[in-house]
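Here's the structure we're looking at; comments come further down.
The values are calculated or read from the model by the stated rules, or taken from the named source; none is laboratory data. Fair warning: this is a prediction, and the values are worked out from it, not measured in the lab. Every residue, glycine among them, receives a Cβ derived from its backbone with ideal geometry; neighbour counts consider all protein chains shown. Accessible surface is based on the protein model in full, side chains and every heavy atom, while ligands, DNA and RNA are left aside. Shrake-Rupley method; radii C 1.70, N 1.55, O 1.52, S 1.80 Å.
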Amino acid sequence: MPKINQRIVIVGTGFAGLAMAVALKKAGQHDYILLEEANEVGGTWRDNTYPGAACDVPSPVYSFSFESNPHWSSKFSPQKEIFLYLQHCATKYGLRPHIQFRSRVESSHFDEETGLWTVAIAGQDPIICRYLVLCTGGLSRPSYPKIPGLDSFQGALFHSARWNHDFPLEGARVGIIGTGASAIQIVPAIAAKVGKLSLFQRTPAWILPKAERTFNSLERKLFARVPGYHYLLRKFLYWQFELRAIGLLKPALMRIPQKEAEALIRRDIRDPELQKEMTPQYTMGCKRVLLSNDFYPSLNRSNVEVISDTIERIVPDGIVTKDGRQHRLDALICATGFQVAEASAPFPIYGLYGQELGKTWKDGAEGYLGVSISGYPNLFTIVGPNSGLGHNSIVFMIEAQARYIQKAIVKMQKAAVKYFDLKKLVQDDYNRELSRRFEGTVWTAGHCVSWYHTPGGKNTTIFPGFSFQLRWRTRKFKMGAYHAVFLESRQQLTDKAQSRSTAAGLLR
Ligand code: N01
(Lines give C-alpha, C1' and ligand atoms only; values in the text may rest on other atoms or scores of the structure.)
Protein backbone atom coordinates (compact mmCIF):
# COMPACT_ATOMS: atom_id res chain seq x y z
CA MET A 1 0.00 0.00 0.00
CA PRO A 2 1.47 3.40 -0.95
CA LYS A 3 2.34 5.68 1.95
CA ILE A 4 0.21 8.77 2.45
CA ASN A 5 2.48 11.83 2.46
CA GLN A 6 -0.31 14.22 3.37
CA ARG A 7 -3.86 13.37 4.29
CA ILE A 8 -5.34 16.41 2.55
CA VAL A 9 -3.99 18.25 -0.48
CA ILE A 10 -5.43 21.66 -1.33
CA VAL A 11 -4.55 23.06 -4.76
CA GLY A 12 -4.42 26.86 -4.93
CA THR A 13 -3.94 29.65 -2.39
CA GLY A 14 -6.46 32.27 -3.44
CA PHE A 15 -9.51 33.10 -1.31
CA ALA A 16 -10.75 29.50 -1.69
CA GLY A 17 -7.52 27.68 -0.75
CA LEU A 18 -6.93 29.91 2.27
CA ALA A 19 -10.56 29.57 3.45
CA MET A 20 -10.27 25.78 3.19
CA ALA A 21 -7.04 25.71 5.18
CA VAL A 22 -8.45 27.98 7.90
CA ALA A 23 -11.60 25.83 8.17
CA LEU A 24 -9.42 22.72 8.68
CA LYS A 25 -7.16 24.46 11.14
CA LYS A 26 -10.08 25.75 13.20
CA ALA A 27 -11.41 22.18 13.36
CA GLY A 28 -8.05 21.01 14.73
CA GLN A 29 -6.95 19.30 11.52
CA HIS A 30 -3.38 20.05 10.57
CA ASP A 31 -2.48 17.23 8.21
CA TYR A 32 -2.85 19.18 4.99
CA ILE A 33 -0.68 20.83 2.41
CA LEU A 34 -1.44 23.67 0.02
CA LEU A 35 0.15 23.45 -3.41
CA GLU A 36 0.71 26.76 -5.16
CA GLU A 37 2.15 27.21 -8.64
CA ALA A 38 3.34 30.77 -7.97
CA ASN A 39 5.65 32.01 -5.24
CA GLU A 40 3.04 33.87 -3.20
CA VAL A 41 -0.56 33.42 -2.13
CA GLY A 42 -3.42 35.48 -3.58
CA GLY A 43 -4.76 33.75 -6.69
CA THR A 44 -6.52 36.11 -9.03
CA TRP A 45 -5.67 39.08 -6.76
CA ARG A 46 -1.98 38.28 -7.11
CA ASP A 47 -2.13 37.85 -10.89
CA ASN A 48 -4.41 40.71 -11.97
CA THR A 49 -2.17 43.74 -11.63
CA TYR A 50 -3.51 45.76 -14.53
CA PRO A 51 -3.85 49.54 -14.02
CA GLY A 52 -7.10 50.35 -12.23
CA ALA A 53 -7.62 46.79 -10.91
CA ALA A 54 -10.06 46.94 -8.03
CA CYS A 55 -12.92 44.99 -6.59
CA ASP A 56 -16.46 45.70 -7.72
CA VAL A 57 -17.93 44.15 -4.56
CA PRO A 58 -17.52 46.14 -1.30
CA SER A 59 -14.51 44.96 0.67
CA PRO A 60 -16.22 44.48 4.05
CA VAL A 61 -18.25 41.73 2.36
CA TYR A 62 -15.56 40.71 -0.14
CA SER A 63 -13.34 39.45 2.66
CA PHE A 64 -13.39 36.64 5.19
CA SER A 65 -16.11 36.74 7.86
CA PHE A 66 -13.47 35.81 10.45
CA GLU A 67 -10.95 38.52 9.55
CA SER A 68 -11.88 42.17 9.62
CA ASN A 69 -9.44 44.53 7.93
CA PRO A 70 -8.83 48.03 9.32
CA HIS A 71 -6.64 48.87 6.32
CA TRP A 72 -9.24 49.07 3.55
CA SER A 73 -8.80 52.55 2.12
CA SER A 74 -12.20 52.58 0.46
CA LYS A 75 -15.42 50.67 0.03
CA PHE A 76 -14.22 49.02 -3.21
CA SER A 77 -10.59 48.17 -2.52
CA PRO A 78 -7.83 48.29 -5.08
CA GLN A 79 -6.12 45.02 -6.04
CA LYS A 80 -2.99 45.76 -3.98
CA GLU A 81 -4.98 45.96 -0.73
CA ILE A 82 -6.80 42.70 -1.39
CA PHE A 83 -3.53 40.99 -2.27
CA LEU A 84 -1.97 42.31 0.99
CA TYR A 85 -5.04 41.17 2.95
CA LEU A 86 -4.69 37.61 1.63
CA GLN A 87 -0.97 37.59 2.42
CA HIS A 88 -1.79 38.81 5.93
CA CYS A 89 -4.41 36.05 6.39
CA ALA A 90 -1.95 33.36 5.29
CA THR A 91 0.55 34.58 7.89
CA LYS A 92 -1.86 35.32 10.74
CA TYR A 93 -3.59 31.94 10.53
CA GLY A 94 -0.29 30.05 10.43
CA LEU A 95 -0.87 28.66 6.94
CA ARG A 96 2.54 29.44 5.46
CA PRO A 97 4.31 26.36 6.88
CA HIS A 98 1.67 24.27 5.05
CA ILE A 99 2.22 25.94 1.68
CA GLN A 100 4.49 24.45 -0.96
CA PHE A 101 5.16 27.25 -3.46
CA ARG A 102 6.37 26.78 -7.05
CA SER A 103 4.47 23.51 -7.19
CA ARG A 104 2.47 23.09 -10.38
CA VAL A 105 0.13 20.13 -10.27
CA GLU A 106 0.34 18.24 -13.56
CA SER A 107 -2.26 15.54 -12.97
CA SER A 108 -3.96 13.49 -10.28
CA HIS A 109 -5.04 9.85 -10.28
CA PHE A 110 -7.42 8.07 -7.95
CA ASP A 111 -6.76 4.47 -7.00
CA GLU A 112 -9.93 2.58 -6.02
CA GLU A 113 -7.92 -0.22 -4.35
CA THR A 114 -6.42 2.10 -1.78
CA GLY A 115 -8.87 5.01 -1.94
CA LEU A 116 -5.94 7.38 -2.40
CA TRP A 117 -5.08 10.17 -4.84
CA THR A 118 -1.65 10.48 -6.39
CA VAL A 119 -0.93 14.11 -7.18
CA ALA A 120 1.83 14.60 -9.77
CA ILE A 121 3.77 17.86 -9.43
CA ALA A 122 6.09 19.25 -12.13
CA GLY A 123 9.72 18.41 -11.28
CA GLN A 124 8.91 17.02 -7.81
CA ASP A 125 7.99 13.73 -6.21
CA PRO A 126 4.27 13.01 -6.34
CA ILE A 127 2.16 13.35 -3.21
CA ILE A 128 -0.21 10.60 -2.08
CA CYS A 129 -3.25 11.83 -0.19
CA ARG A 130 -6.71 10.69 0.80
CA TYR A 131 -8.55 13.94 0.10
CA LEU A 132 -7.95 16.34 -2.74
CA VAL A 133 -9.51 19.81 -2.69
CA LEU A 134 -9.43 21.90 -5.87
CA CYS A 135 -9.29 25.61 -5.11
CA THR A 136 -8.05 26.59 -8.54
CA GLY A 137 -10.76 29.18 -9.22
CA GLY A 138 -12.73 29.94 -12.34
CA LEU A 139 -10.80 33.09 -13.19
CA SER A 140 -7.28 31.72 -13.21
CA ARG A 141 -6.70 30.74 -16.84
CA PRO A 142 -6.70 33.72 -19.24
CA SER A 143 -8.70 33.31 -22.43
CA TYR A 144 -7.12 34.75 -25.58
CA PRO A 145 -9.41 35.56 -28.50
CA LYS A 146 -9.35 33.14 -31.41
CA ILE A 147 -8.80 35.83 -34.03
CA PRO A 148 -6.81 35.03 -37.20
CA GLY A 149 -3.32 36.51 -37.13
CA LEU A 150 -3.08 37.04 -33.36
CA ASP A 151 0.35 35.39 -33.29
CA SER A 152 1.60 37.59 -36.13
CA PHE A 153 1.30 40.81 -34.11
CA GLN A 154 4.75 42.38 -33.80
CA GLY A 155 4.01 44.89 -31.03
CA ALA A 156 3.57 44.14 -27.32
CA LEU A 157 0.78 41.60 -26.86
CA PHE A 158 -0.52 40.66 -23.44
CA HIS A 159 -3.62 39.66 -21.50
CA SER A 160 -5.17 41.94 -18.88
CA ALA A 161 -4.54 39.24 -16.25
CA ARG A 162 -0.83 39.07 -17.18
CA TRP A 163 -0.08 42.77 -17.49
CA ASN A 164 3.29 43.67 -19.03
CA HIS A 165 4.50 46.40 -16.69
CA ASP A 166 7.66 46.84 -18.78
CA PHE A 167 5.68 48.21 -21.70
CA PRO A 168 5.84 52.05 -21.64
CA LEU A 169 2.29 53.29 -22.14
CA GLU A 170 3.23 56.97 -22.48
CA GLY A 171 2.38 58.18 -25.95
CA ALA A 172 1.80 54.65 -27.30
CA ARG A 173 -0.96 53.50 -29.66
CA VAL A 174 -2.76 50.93 -27.56
CA GLY A 175 -5.57 48.60 -28.57
CA ILE A 176 -7.81 46.85 -26.04
CA ILE A 177 -10.06 43.96 -27.07
CA GLY A 178 -13.08 43.59 -24.81
CA THR A 179 -15.38 45.81 -22.77
CA GLY A 180 -15.94 43.58 -19.73
CA ALA A 181 -15.16 44.09 -16.03
CA SER A 182 -11.39 44.30 -16.58
CA ALA A 183 -11.46 46.61 -19.63
CA ILE A 184 -13.76 49.18 -18.01
CA GLN A 185 -11.23 49.53 -15.19
CA ILE A 186 -8.20 49.67 -17.50
CA VAL A 187 -9.53 52.30 -19.93
CA PRO A 188 -9.93 55.18 -17.43
CA ALA A 189 -6.65 54.24 -15.75
CA ILE A 190 -4.54 54.50 -18.91
CA ALA A 191 -6.49 56.82 -21.23
CA ALA A 192 -4.63 59.96 -20.17
CA LYS A 193 -1.21 58.33 -20.53
CA VAL A 194 -1.41 56.70 -23.94
CA GLY A 195 -1.15 58.50 -27.27
CA LYS A 196 -4.20 56.75 -28.75
CA LEU A 197 -6.53 54.18 -27.24
CA SER A 198 -8.58 51.99 -29.58
CA LEU A 199 -11.21 50.02 -27.72
CA PHE A 200 -12.59 47.06 -29.67
CA GLN A 201 -16.09 46.28 -28.47
CA ARG A 202 -18.07 43.17 -29.45
CA THR A 203 -20.97 43.57 -27.01
CA PRO A 204 -21.56 46.56 -24.74
CA ALA A 205 -22.04 45.81 -21.06
CA TRP A 206 -24.63 47.19 -18.67
CA ILE A 207 -22.90 49.56 -16.27
CA LEU A 208 -24.28 51.10 -13.08
CA PRO A 209 -22.70 53.85 -10.98
CA LYS A 210 -20.23 52.65 -8.35
CA ALA A 211 -21.21 53.93 -4.90
CA GLU A 212 -17.53 54.42 -4.07
CA ARG A 213 -16.30 56.28 -1.00
CA THR A 214 -13.14 56.29 1.08
CA PHE A 215 -13.19 55.04 4.67
CA ASN A 216 -12.27 57.76 7.14
CA SER A 217 -9.92 57.25 10.08
CA LEU A 218 -12.83 56.81 12.52
CA GLU A 219 -14.28 53.97 10.48
CA ARG A 220 -10.88 52.32 10.23
CA LYS A 221 -10.53 52.53 14.00
CA LEU A 222 -13.96 50.94 14.33
CA PHE A 223 -12.88 48.11 12.01
CA ALA A 224 -9.78 47.60 14.14
CA ARG A 225 -11.28 47.85 17.61
CA VAL A 226 -14.98 47.07 17.43
CA PRO A 227 -15.52 43.61 15.98
CA GLY A 228 -19.28 44.21 15.90
CA TYR A 229 -18.79 47.09 13.46
CA HIS A 230 -17.33 44.90 10.73
CA TYR A 231 -20.00 42.31 11.46
CA LEU A 232 -22.91 44.74 11.15
CA LEU A 233 -21.59 46.54 8.07
CA ARG A 234 -20.97 43.17 6.45
CA LYS A 235 -24.53 42.04 7.21
CA PHE A 236 -25.96 45.26 5.83
CA LEU A 237 -23.94 45.05 2.60
CA TYR A 238 -24.64 41.35 2.23
CA TRP A 239 -28.41 41.87 2.30
CA GLN A 240 -28.21 44.97 0.12
CA PHE A 241 -26.46 42.91 -2.56
CA GLU A 242 -28.50 39.77 -1.93
CA LEU A 243 -31.71 41.61 -2.82
CA ARG A 244 -30.33 42.07 -6.33
CA ALA A 245 -30.89 38.35 -6.92
CA ILE A 246 -34.64 39.05 -7.07
CA GLY A 247 -34.18 40.93 -10.35
CA LEU A 248 -31.96 38.19 -11.80
CA LEU A 249 -34.59 35.59 -11.01
CA LYS A 250 -37.48 37.82 -12.20
CA PRO A 251 -35.96 39.68 -15.17
CA ALA A 252 -38.96 41.95 -15.76
CA LEU A 253 -37.75 43.82 -12.66
CA MET A 254 -34.44 44.57 -14.35
CA ARG A 255 -36.18 47.36 -16.31
CA ILE A 256 -35.76 49.55 -13.25
CA PRO A 257 -31.94 49.42 -12.95
CA GLN A 258 -31.71 49.41 -16.77
CA LYS A 259 -33.35 52.85 -16.76
CA GLU A 260 -30.69 54.04 -14.31
CA ALA A 261 -27.95 52.63 -16.54
CA GLU A 262 -29.43 54.28 -19.65
CA ALA A 263 -29.55 57.58 -17.78
CA LEU A 264 -25.86 57.14 -16.91
CA ILE A 265 -25.02 56.61 -20.59
CA ARG A 266 -26.92 59.78 -21.56
CA ARG A 267 -25.31 61.76 -18.75
CA ASP A 268 -21.71 60.65 -19.18
CA ILE A 269 -21.27 60.09 -22.93
CA ARG A 270 -21.44 63.23 -25.05
CA ASP A 271 -21.75 61.77 -28.57
CA PRO A 272 -25.33 60.53 -29.26
CA GLU A 273 -24.00 57.93 -31.75
CA LEU A 274 -21.63 56.56 -29.14
CA GLN A 275 -24.46 56.52 -26.60
CA LYS A 276 -26.33 54.13 -28.93
CA GLU A 277 -23.22 52.04 -29.50
CA MET A 278 -22.71 51.65 -25.77
CA THR A 279 -26.33 50.64 -25.02
CA PRO A 280 -26.70 46.88 -24.60
CA GLN A 281 -29.52 45.02 -26.33
CA TYR A 282 -29.84 42.20 -23.80
CA THR A 283 -31.54 42.22 -20.40
CA MET A 284 -29.35 43.53 -17.61
CA GLY A 285 -27.92 40.75 -15.46
CA CYS A 286 -27.68 38.18 -18.26
CA LYS A 287 -23.96 39.05 -18.21
CA ARG A 288 -22.29 40.39 -15.08
CA VAL A 289 -23.51 43.90 -14.22
CA LEU A 290 -20.52 46.24 -14.07
CA LEU A 291 -19.97 49.24 -11.81
CA SER A 292 -18.03 52.31 -12.85
CA ASN A 293 -18.10 56.10 -12.55
CA ASP A 294 -15.16 56.86 -14.83
CA PHE A 295 -15.41 54.49 -17.81
CA TYR A 296 -18.02 56.43 -19.85
CA PRO A 297 -16.43 59.85 -19.22
CA SER A 298 -13.08 58.51 -20.43
CA LEU A 299 -14.68 57.61 -23.78
CA ASN A 300 -15.24 61.35 -24.42
CA ARG A 301 -11.50 61.94 -24.64
CA SER A 302 -10.22 62.88 -28.09
CA ASN A 303 -7.54 60.15 -27.98
CA VAL A 304 -10.06 57.36 -27.23
CA GLU A 305 -12.00 55.59 -29.96
CA VAL A 306 -14.58 52.83 -29.56
CA ILE A 307 -14.59 50.46 -32.52
CA SER A 308 -17.68 48.28 -32.70
CA ASP A 309 -17.00 46.82 -36.17
CA THR A 310 -16.08 43.15 -36.03
CA ILE A 311 -12.39 42.40 -35.95
CA GLU A 312 -11.51 40.60 -39.18
CA ARG A 313 -7.87 39.78 -38.53
CA ILE A 314 -4.79 40.84 -36.67
CA VAL A 315 -1.79 41.92 -38.73
CA PRO A 316 1.84 42.54 -37.64
CA ASP A 317 1.19 46.22 -36.93
CA GLY A 318 -2.41 46.29 -35.82
CA ILE A 319 -6.00 45.19 -36.33
CA VAL A 320 -8.09 45.12 -39.49
CA THR A 321 -11.86 45.43 -38.97
CA LYS A 322 -14.63 44.17 -41.27
CA ASP A 323 -15.13 47.65 -42.75
CA GLY A 324 -11.56 47.39 -44.13
CA ARG A 325 -10.06 49.93 -41.72
CA GLN A 326 -6.61 49.22 -40.37
CA HIS A 327 -5.93 50.32 -36.79
CA ARG A 328 -2.18 50.68 -36.23
CA LEU A 329 -1.06 49.66 -32.73
CA ASP A 330 2.12 49.49 -30.65
CA ALA A 331 0.46 47.30 -28.04
CA LEU A 332 -2.54 44.99 -28.04
CA ILE A 333 -4.17 44.10 -24.74
CA CYS A 334 -6.60 41.20 -24.60
CA ALA A 335 -9.12 42.02 -21.85
CA THR A 336 -10.99 38.99 -23.08
CA GLY A 337 -11.72 37.20 -19.83
CA PHE A 338 -10.99 33.70 -18.65
CA GLN A 339 -11.57 30.11 -19.63
CA VAL A 340 -14.52 29.41 -17.39
CA ALA A 341 -17.47 27.47 -18.81
CA GLU A 342 -15.61 25.97 -21.75
CA ALA A 343 -12.72 24.85 -19.59
CA SER A 344 -12.70 21.39 -18.14
CA ALA A 345 -10.48 20.51 -15.22
CA PRO A 346 -7.49 22.68 -14.30
CA PHE A 347 -5.22 19.66 -15.03
CA PRO A 348 -5.96 16.04 -16.03
CA ILE A 349 -7.85 14.35 -13.19
CA TYR A 350 -8.50 10.60 -13.36
CA GLY A 351 -11.25 9.36 -11.08
CA LEU A 352 -12.92 5.97 -10.58
CA TYR A 353 -11.96 3.40 -13.23
CA GLY A 354 -9.60 5.86 -14.89
CA GLN A 355 -12.29 8.21 -16.19
CA GLU A 356 -10.93 11.66 -16.95
CA LEU A 357 -12.75 14.76 -15.71
CA GLY A 358 -12.25 16.67 -18.98
CA LYS A 359 -14.09 13.88 -20.80
CA THR A 360 -16.77 13.57 -18.11
CA TRP A 361 -17.38 17.28 -18.52
CA LYS A 362 -17.16 17.40 -22.33
CA ASP A 363 -20.74 18.70 -22.56
CA GLY A 364 -20.33 21.05 -19.61
CA ALA A 365 -19.27 20.77 -16.00
CA GLU A 366 -21.71 19.20 -13.54
CA GLY A 367 -21.45 18.59 -9.85
CA TYR A 368 -23.36 18.80 -6.60
CA LEU A 369 -23.57 21.99 -4.50
CA GLY A 370 -20.39 23.09 -6.28
CA VAL A 371 -18.34 20.74 -4.06
CA SER A 372 -18.60 17.12 -5.28
CA ILE A 373 -18.54 15.31 -8.61
CA SER A 374 -19.88 11.80 -9.10
CA GLY A 375 -17.16 9.37 -10.20
CA TYR A 376 -14.41 11.40 -8.50
CA PRO A 377 -14.29 10.08 -4.91
CA ASN A 378 -12.68 12.03 -2.10
CA LEU A 379 -12.32 14.98 -4.45
CA PHE A 380 -13.81 18.33 -3.55
CA THR A 381 -14.09 21.60 -5.39
CA ILE A 382 -14.59 25.11 -4.06
CA VAL A 383 -16.55 27.30 -6.47
CA GLY A 384 -17.13 24.17 -8.51
CA PRO A 385 -19.88 23.88 -11.14
CA ASN A 386 -22.84 26.23 -10.70
CA SER A 387 -21.68 27.95 -7.55
CA GLY A 388 -20.69 31.33 -8.97
CA LEU A 389 -22.76 34.44 -8.23
CA GLY A 390 -23.86 37.34 -10.38
CA HIS A 391 -25.03 39.50 -7.51
CA ASN A 392 -23.06 39.05 -4.28
CA SER A 393 -19.67 38.25 -2.79
CA ILE A 394 -18.19 34.93 -3.85
CA VAL A 395 -16.31 34.81 -0.54
CA PHE A 396 -19.64 33.99 1.13
CA MET A 397 -20.02 30.89 -1.09
CA ILE A 398 -16.36 29.94 -0.59
CA GLU A 399 -16.69 29.91 3.20
CA ALA A 400 -19.91 27.86 3.04
CA GLN A 401 -18.30 25.27 0.78
CA ALA A 402 -15.09 25.12 2.83
CA ARG A 403 -17.14 24.36 5.95
CA TYR A 404 -19.05 21.61 4.13
CA ILE A 405 -15.81 19.98 2.96
CA GLN A 406 -14.24 20.21 6.40
CA LYS A 407 -17.30 18.52 7.93
CA ALA A 408 -17.25 15.85 5.22
CA ILE A 409 -13.62 15.00 5.96
CA VAL A 410 -14.26 14.74 9.72
CA LYS A 411 -17.31 12.55 9.17
CA MET A 412 -15.51 10.20 6.81
CA GLN A 413 -12.56 9.93 9.10
CA LYS A 414 -14.80 9.02 12.04
CA ALA A 415 -16.66 6.46 9.95
CA ALA A 416 -13.34 4.97 8.70
CA VAL A 417 -14.37 5.52 5.10
CA LYS A 418 -11.79 4.55 2.49
CA TYR A 419 -13.58 6.58 -0.07
CA PHE A 420 -16.97 7.92 -0.84
CA ASP A 421 -18.39 8.81 -4.17
CA LEU A 422 -21.33 11.10 -4.89
CA LYS A 423 -24.32 9.06 -6.12
CA LYS A 424 -24.93 9.75 -9.79
CA LEU A 425 -28.66 9.89 -9.09
CA VAL A 426 -28.15 12.67 -6.57
CA GLN A 427 -26.02 14.65 -9.02
CA ASP A 428 -28.56 14.17 -11.83
CA ASP A 429 -31.47 15.21 -9.61
CA TYR A 430 -29.56 18.27 -8.46
CA ASN A 431 -28.74 19.30 -12.03
CA ARG A 432 -32.35 18.79 -13.11
CA GLU A 433 -33.33 21.07 -10.26
CA LEU A 434 -30.81 23.68 -11.44
CA SER A 435 -32.24 23.51 -14.97
CA ARG A 436 -35.72 24.08 -13.59
CA ARG A 437 -34.47 26.99 -11.50
CA PHE A 438 -32.83 28.59 -14.56
CA GLU A 439 -36.14 28.68 -16.44
CA GLY A 440 -37.44 32.22 -16.76
CA THR A 441 -34.38 33.76 -15.08
CA VAL A 442 -32.30 36.46 -16.72
CA TRP A 443 -29.69 33.85 -17.70
CA THR A 444 -32.14 32.00 -19.96
CA ALA A 445 -34.54 34.81 -20.90
CA GLY A 446 -32.01 37.65 -21.11
CA HIS A 447 -30.93 37.16 -24.76
CA CYS A 448 -27.17 37.27 -24.34
CA VAL A 449 -24.14 35.10 -25.00
CA SER A 450 -21.91 35.02 -21.95
CA TRP A 451 -19.02 33.11 -20.43
CA TYR A 452 -21.49 31.72 -17.90
CA HIS A 453 -22.54 29.30 -20.68
CA THR A 454 -20.71 26.57 -22.58
CA PRO A 455 -20.66 26.92 -26.38
CA GLY A 456 -23.60 24.47 -26.30
CA GLY A 457 -25.61 26.92 -24.15
CA LYS A 458 -25.42 25.13 -20.78
CA ASN A 459 -24.96 27.42 -17.79
CA THR A 460 -22.27 25.71 -15.74
CA THR A 461 -21.09 28.63 -13.65
CA ILE A 462 -23.97 30.41 -11.92
CA PHE A 463 -26.00 29.27 -8.92
CA PRO A 464 -29.54 30.22 -9.97
CA GLY A 465 -30.82 31.35 -6.61
CA PHE A 466 -30.02 33.27 -3.48
CA SER A 467 -26.59 32.69 -2.00
CA PHE A 468 -28.11 31.90 1.40
CA GLN A 469 -29.94 28.96 -0.21
CA LEU A 470 -26.65 27.31 -1.13
CA ARG A 471 -25.27 28.20 2.27
CA TRP A 472 -28.25 26.50 3.92
CA ARG A 473 -27.84 23.36 1.82
CA THR A 474 -24.16 23.08 2.62
CA ARG A 475 -24.57 23.56 6.38
CA LYS A 476 -24.33 19.79 7.04
CA PHE A 477 -22.44 17.09 5.22
CA LYS A 478 -24.97 14.89 3.41
CA MET A 479 -23.53 11.43 3.95
CA GLY A 480 -26.62 9.81 2.37
CA ALA A 481 -25.81 11.46 -0.96
CA TYR A 482 -22.64 9.39 -1.28
CA HIS A 483 -21.70 5.74 -1.77
CA ALA A 484 -19.25 4.87 0.98
CA VAL A 485 -16.55 2.23 0.73
CA PHE A 486 -15.12 1.50 4.16
CA LEU A 487 -11.56 0.89 5.17
CA GLU A 488 -11.06 -2.74 6.03
CA SER A 489 -11.04 -3.50 9.72
CA ARG A 490 -8.13 -5.34 11.33
CA GLN A 491 -10.30 -8.47 11.59
CA GLN A 492 -11.15 -8.29 7.87
CA LEU A 493 -7.46 -7.93 7.01
CA THR A 494 -6.56 -10.94 9.20
CA ASP A 495 -9.35 -13.00 7.61
CA LYS A 496 -8.13 -12.00 4.17
CA ALA A 497 -4.53 -12.92 5.00
CA GLN A 498 -5.65 -16.26 6.42
CA SER A 499 -7.76 -17.11 3.38
CA ARG A 500 -4.84 -16.14 1.12
CA SER A 501 -2.45 -18.49 3.01
CA THR A 502 -5.09 -21.27 3.02
CA ALA A 503 -5.49 -20.85 -0.74
CA ALA A 504 -1.71 -20.89 -1.16
CA GLY A 505 -1.55 -24.06 0.99
CA LEU A 506 -4.21 -25.75 -1.14
CA LEU A 507 -2.24 -24.92 -4.26
CA ARG A 508 0.98 -26.38 -2.85
O1 N01 B 1 -13.71 39.34 -18.92
P2 N01 B 1 -15.20 39.30 -19.51
P3 N01 B 1 -13.11 40.28 -17.81
N4 N01 B 1 -13.42 39.28 -29.99
O5 N01 B 1 -15.38 37.89 -19.98
C6 N01 B 1 -14.70 40.39 -25.20
C7 N01 B 1 -14.11 39.16 -12.84
N8 N01 B 1 -13.58 40.46 -12.61
O9 N01 B 1 -11.68 39.90 -17.59
O10 N01 B 1 -19.20 40.31 -24.34
C11 N01 B 1 -13.88 40.41 -29.45
O12 N01 B 1 -16.17 39.90 -18.62
C13 N01 B 1 -16.06 40.08 -24.62
O14 N01 B 1 -17.06 40.38 -25.57
P15 N01 B 1 -18.49 39.64 -25.47
C16 N01 B 1 -15.60 39.27 -13.00
O17 N01 B 1 -16.25 38.14 -12.47
C18 N01 B 1 -13.90 41.01 -11.45
O19 N01 B 1 -13.39 41.68 -18.09
O20 N01 B 1 -18.20 38.20 -25.20
N21 N01 B 1 -14.17 40.57 -28.16
C22 N01 B 1 -16.05 40.98 -23.40
O23 N01 B 1 -16.35 42.30 -23.72
C24 N01 B 1 -15.72 39.29 -14.49
O25 N01 B 1 -16.98 38.95 -14.92
C26 N01 B 1 -13.46 42.24 -11.18
O27 N01 B 1 -19.11 39.89 -26.78
C28 N01 B 1 -14.00 39.51 -27.36
C29 N01 B 1 -14.59 40.91 -22.96
O30 N01 B 1 -13.83 40.49 -24.08
C31 N01 B 1 -14.63 38.33 -14.87
O32 N01 B 1 -13.57 38.63 -14.00
C33 N01 B 1 -12.68 42.95 -12.08
C34 N01 B 1 -13.52 38.27 -27.86
C35 N01 B 1 -14.37 39.89 -21.87
O36 N01 B 1 -15.07 40.28 -20.76
C37 N01 B 1 -14.10 38.48 -16.26
O38 N01 B 1 -13.92 39.86 -16.55
C39 N01 B 1 -12.34 42.36 -13.27
C40 N01 B 1 -13.24 38.19 -29.23
N41 N01 B 1 -12.80 37.05 -29.78
C42 N01 B 1 -12.80 41.10 -13.54
N43 N01 B 1 -13.46 37.41 -26.83
C44 N01 B 1 -13.84 42.79 -9.88
O45 N01 B 1 -13.88 43.97 -9.72
C46 N01 B 1 -13.88 38.07 -25.74
N47 N01 B 1 -14.20 39.33 -26.07
C48 N01 B 1 -14.21 41.86 -8.77
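What to note about this one:
- The chain: DSSP helices with Cα axial extent of at least 15 Å and average Kyte-Doolittle hydropathy no lower than 0.5: 15-26
- Exceeding the 23 Å Cα-Cα cut-off - candidates Lys75/Lys458; Lys80/Lys193; Lys359/Lys418: Lys75/Lys458; Lys359/Lys418
- Cysteines having no other Cys beta carbon under 4.7 Å from their own, within the chain: Cys55, Cys89, Cys129, Cys135, Cys334
- Placing unit charges on each Cβ (+1 for Lys and Arg, -1 for Asp and Glu) gives the chain a dipole about its Cα centre, and among Phe438, Val226, His88 the Cα reaching farthest toward its positive end belongs to Val226.
- Here's the picture: charge each Lys and Arg Cβ at +1 and each Asp and Glu Cβ at -1 in the chain, and of Ala122, Leu357, Pro188 the one pushed furthest to the positive end of that dipole is Leu357.
- Per-residue SASA entry for Leu197, accessible area with 1.4 Å probe, Å² rounded to 10: 0 Å²
- Electrostatic dipole magnitude of region 1-65 [Cβ: Lys, Arg +1; Asp, Glu -1; Cα centre; debye, to 20]: 360 debye
- Relative contact order for region 1-107: 35 percent, from Cα pairs under 8 Å spaced at least 6 residues apart, divided by residue count.
- DSSP-loop trypsin sites (Lys or Arg not before Pro) across region 328-369, with at most 12 other Cβ within 10 angstrom: Lys362
- Here the contact order of region 86-130, divided by its residue count and restricted to Cα pairs under 8 Å and six or more residues apart, works out to 26 percent.
- Here Lys26 is the anchor, and the aspartates and glutamates within straight C-alpha reach of less than 15 Å, apart from those fewer than 8 places off in the same chain, are Glu67, Glu399.
- DSSP-loop trypsin sites (Lys or Arg not before Pro) across region 425-490, with at most 12 other Cβ within 10 angstrom: Arg475, Lys476
- Taking the average, over residues, of other Cβ atoms within 10 Å as the packing measure, peptides 260-272, 402-414 rank 402-414, 260-272 from highest down.
- For region 412-459, the fraction of 1.4 Å probe accessible surface lying on carbon and sulfur atoms is 55 percent.
- As a length-normalised measure over Cα pairs under 8 Å and 6 or more apart, the relative contact order of the chain settles at 19 percent.
- Efficiency of FRET between Glu305 and Lys362 - r from beta-carbon atoms, R0 51 angstrom, step 0.05: 0.80
- Computed with a 1.4 Å probe on the full set of protein chains, the accessible area for Ser217 sits at about 80 Å².
- The chain, accessible area per residue, ligands and nucleic acids excluded (1.4 Å, Å²): 45 Å²
- Lys, Arg +1 and Asp, Glu -1 on Cβ, resulting dipole of the chain about Cα centre, debye, nearest 20: 1600 debye
- Taking each residue as 0.36 nm, the span from Ser152 to Ser107 lengthens on full extension beyond its C-alpha to C-alpha distance by 13.0 nm.
- Note: the chain, Cα convex hull, 169 Å³ per residue.
- Beta bridges by DSSP in the chain, antiparallel share as percent, to the nearest 5: 45 percent
- Net charge contributed by nearby residues that have their C-beta within less than 15 Å of Lys250 (K/R +1, D/E -1): +1
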